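Here the structure comes first, spelled out in structure tokens, and everything after it is commentary.
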Amino acid sequence: MVSADRRITVTKPSLPPMEEYVKEIEGIWANKWLTNMGPKHLELEEKLKEYLDVENISLFVNGHAALENAIAAFDFERGSEVITTPFTFPSTTHAIVRNNLVPVFCDIKKDDYTIDESKIEPLITDKTCAIIPVHVYGNICNVEEIERIAKKHNLKVIYDSAHAFGERYKGVGVGQFGDASMFSFHATKVFNTIEGGCITTKDAGLIKRLSMLKNFGIEGPETIDYIGGNAKMNEFSAAMGICNLRHVEDNIRERKAITERYIERLGHIKGIHFNKTRDDQTYNYAYMPVLFDPAESGTTRDRVFERLQEENIGSRKYFYPLVSDYGCYKNDYDSKDTPVAKYVSDNILTIPIYPGLSIADVDDICDVIEEEIKHANR
Ligand SMILES: *Cc1c(COP(=O)(O)O)cnc(C)c1O
């Protein structure tokens, strides 16, 4: 059992050895170039293009700013509708609303929690301008069907790929799908630049617009044609990214071993469900979501959450509540309209996973969960 003085957190940011980072930033003191697309920024862009297998990239100060600016770059008519899902981080929906667009919530699938592509078309109206699906937990959406629907109805597709860093679908970088994809490099993600993010796209013109939108609309020293803000990544963040990228493969291998142990220990327990990943995708093991079906397991997600807390083990009700139940949206939406998302949100828990989490700790966490279910069924 877990001892009283030990605390296991749900996640832990990945950091390179300190000496490695210090060496990486030495050049910044020599050239005094701290931000504004300096050499570290350019180097990270090149390295990420290769790692993510994408043609074009634009780095940002964080993933949310990247998404908000990408939506802005399409210049959709004010009040247009965007089809998205409520089973996500607030960022996805807020980025839509902050662009004066209207989110329309589509339900998700029960096996992988991504947008249910069969429910998209009935939601399309003459005001629909885009679809913003989420590769939630790194589970890749049905990109082919989404593309078919988008082409048929002349809609843009912008993926929230915040969870899908480095993944491939049928051998292709996941950032190549849709009109644009956003990745987050926040401290808690699989790959971090402390804070950071990017947009990837096949459209070089979009990259040009983004480079202006993230730098006050400045096209040249005396030419300002866009009403842009400031959302550039600085050199210290880029340097952290260059270092972390060297270790990301090892980190993902560690995450995989942890995931496999959880599945080995908990997979046979009635009422416990893991999210399904596609056979034709690579997976980054960013999260360890576990769904506790109350009818089958005899216990509830909230009860497991409390039991883990009593043992000093962190877990997160990720994503609960549903976005459509947030105070800022609940007057305009009814989460009963997306029953699968509601069910998943009410019953899912993400449990600890990060490089450095020992298999002994994983076993302790599994013991607590196993005991709780045994106790509930006694
Ligand atoms: C982390 C995250 C974001 C926002 O990224 P930041 O880099 O934290 O701004 C957006 N969407 C999802 C699904 C996320 O998990």
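Let me check I've understood the local charge: for Arg168, count other residues with C-beta under 14 angstrom from its C-beta, Lys and Arg +1, Asp and Glu -1. What total comes out? Walk me through the numbers before you get to the answer.
Numbers: positive: Lys170, Arg278; negative: Glu50, Asp53, Glu167, Glu249, Asp279, Asp280.
Here the count lands on -4.
The residues neighbouring Phe292, those whose beta-carbon lies less than 13 Å from its own, together hold a net charge of -2 under the Lys/Arg +1, Asp/Glu -1 convention.
Over region 273-378, calculate the relative contact order: mean separation of alpha carbon pairs under 8 Å at least 6 apart, over the residue count, as a percent. Intermediate results must be reported in sequence, preceding the final value.
Values: 111 pairs, mean separation 38.1, N = 106.
Relative CO of region 273-378 lands at 36 percent.
Length available on full extension from Asn230 to Asp75: 0.36 nm per residue minus the Cα-Cα distance, which gives 54.0 nm.
Backbone geometry of region 257-264 corresponds, through the Karplus equation with coefficients 6.51, -1.76 and 1.60 at θ = phi - 60°, to 3J(HN,Hα) couplings of 4, 5, 4, 5, 5, 4, 5, 4 Hz, x marking Gly and Pro.
Every pair of different Cα atoms in region 23-151 enters the Kirkwood calculation, which places the hydrodynamic radius at 16.9 Å.
Could you tell me which of rounded, prolate or oblate describes region 282-325, using a ≥ b ≥ c as the square roots of the eigenvalues of the alpha-carbon gyration tensor, with rounded for a/c under 1.5 and, failing that, prolate when a/b is larger than b/c and oblate otherwise? It would help to have the intermediate numbers written out before the result.
Numbers: a/c = 1.42, a/b = 1.21, b/c = 1.17.
Rounded.
I need the calculated FRET efficiency for the pair Lys12 and Tyr326, taking r as the beta carbon distance and R₀ as 30 Å, to the nearest 0.05. Intermediate values should be presented prior to the final figure.
Working: r = 27 Å, r/R0 = 0.91.
With R0 = 30 Å, the Cβ-Cβ based efficiency is 0.65.
Computed about its Cα centre, the charge dipole of region 194-333 is approximately 240 debye, with only Lys, Arg, Asp and Glu carrying charge at their Cβ.
The portion of the accessible surface of region 118-259 made up by carbon and sulfur, rounded to a whole percent, is 52 (1.4 Å probe; DNA, RNA and ligands excluded).
Shape call for the chain from the C-alpha gyration tensor, a ≥ b ≥ c root eigenvalues: rounded (a/c under 1.5), prolate (a/b greater than b/c) or oblate?
Working: a/c = 2.07, a/b = 1.25, b/c = 1.66.
Judged from the Cα gyration tensor, the chain comes out oblate (a/c at least 1.5, b/c at or above a/b).
Placing unit charges on each Cβ (+1 for Lys and Arg, -1 for Asp and Glu) gives region 64-140 a dipole about its Cα centre, and among Ala65, Tyr137, Ile120 the Cα reaching farthest toward its positive end belongs to Ala65.
Taking the helices alone, the chain has a mean residue ellipticity at 222 nm of -12000 deg cm²/dmol, built from -39,500 (n - 2.57) per DSSP H run of at least 4 residues and averaged over all its residues.
For region 201-342, relative contact order (Cα pairs under 8 Å, six or more residues apart, normalised by length) works out to 10 percent. Between Ala295 and Asp363, the C-beta separation translates, for a Förster distance of 35 Å, into a calculated FRET efficiency of about 0.80. Ranking of His247, His135 by solvent-accessible surface, largest first: His247, His135 (1.4 Å probe, protein heavy atoms only, all chains present). For region 16-25, 3J(HN,Hα) computed residue by residue from phi via the Karplus equation (6.51, -1.76, 1.60; θ = phi - 60°) reads x, x, 4, 4, 5, 5, 4, 5, 5, 8 Hz, glycine and proline entered as x.
Probing with 1.4 Å while keeping every protein chain in the model, the per residue accessible area of region 170-323 equals 43 Å². Can you give me the % of accessible surface on region 290-368 that is carbon or sulfur? Probe 1.4 Å, all protein chains present, nothing else counted. Carbon and sulfur atoms account for 45 percent of the accessible area of region 290-368.
Can you list the residues of region 86-122 with backbone N under 20 Å from a point 7 Å past the Cα of Asn154, pointing along Cα to Cβ? Within reach of a label on Asn154, which here means backbone N under 20 Å from a point 7 Å along Cα→Cβ, region 86-122 contributes 102, 121-122. For region 265-280, putting each phi into the Karplus relation 6.51 cos²θ - 1.76 cosθ + 1.60 with θ = phi - 60° gives couplings of 7, 10, x, 8, 7, 5, x, 9, 10, 9, 6, 8, 10, 7, 5, 8 Hz, in residue order, rounded to whole numbers and with x for Gly and Pro. The residues of region 332-378 expose on average 42 square angstrom of accessible surface per residue, using a 1.4 Å probe on protein heavy atoms. Here the relative contact order of the chain, from alpha carbon pairs under 8 Å that lie six or more residues apart, stands at 23 percent.
Place a +1 charge on the Cβ of each Lys and Arg in region 82-230 and a -1 charge on the Cβ of each Asp and Glu, then give the dipole magnitude about the Cα centre in debye, rounded to the nearest 20.
Values: 16 positive and 18 negative charges, 12 e Å.
It works out to roughly 60 debye.
For region 1-86, the per residue solvent-accessible surface stands at 54 Å², with DNA, RNA and ligands left out and a 1.4 Å probe.
Taking the Cα centre of the chain as origin and charging only Cβ (+1 Lys, Arg; -1 Asp, Glu), how large is the dipole, in debye to the nearest 20?
The calculated dipole for the chain is roughly 200 debye.
A convex hull fitted around the alpha carbon atoms of region 187-294 yields 163 Å³ per residue.
Using only the Cα atoms of region 258-378, build the gyration tensor, take square roots of its eigenvalues as a ≥ b ≥ c, and label the shape rounded, prolate or oblate: rounded if a/c is under 1.5, else prolate if a/b is larger than b/c, else oblate.
Numbers: a/c = 1.74, a/b = 1.39, b/c = 1.25.
Cα axes put region 258-378 in the prolate bin.
The values are calculated or read from the model by the stated rules, or taken from the named source; none is laboratory data. No experiment lies behind these values; they were computed from the predicted model shown. All Cβ positions, glycine included, derive from the backbone under ideal geometry; neighbour counts span all protein chains shown. Keep in mind that these areas ignore ligands, DNA and RNA; they rest on the heavy atoms of the full protein, side chains included. Shrake-Rupley method; radii C 1.70, N 1.55, O 1.52, S 1.80 Å.
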